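Here, each number is a calculation from the coordinates, and none is a lab measurement. Not measured: the values here are computed from a predicted model. Neighbour counts run over all protein chains shown; Cβ positions are idealised from the backbone, glycine included.
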C-alpha cells in the first residue's frame, strides 16, 4: 500500500466542487482537506503497491473538472 498526498490548485471558486468530485468518484481517496497557501486542497490517497502513481495523478486527479495544477508528495513512512 502506498500513501500519496496531492496538493491541488483549483480554478477560482471551484475548490468545493473539486473536493466533492474527488470524494464521490475516486475510490482511493482517504481524505480531502481545504488548505491555505499556494494550493486549495490537500488530498490523501492509498494506492496498491503496483499502481503507477504518475498515471493515477495525471489520469484521475488532474482530470477532475476545475483542477488547474497539482503537486504530488509520496509518503515514505508513517509515524504514529
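Each of 44, 77 was scored by other Cβ atoms within 10 Å of its Cβ. Listed from fewest to most, they are 77, 44. For the chain, the longest principal axis of the alpha carbon atoms and the long axis of helix 15-25 meet at an angle near 40°. Once the chain from residue 76 to residue 52 is taken as fully extended at 0.36 nm per residue, the excess over their C-alpha distance is 7.1 nm.
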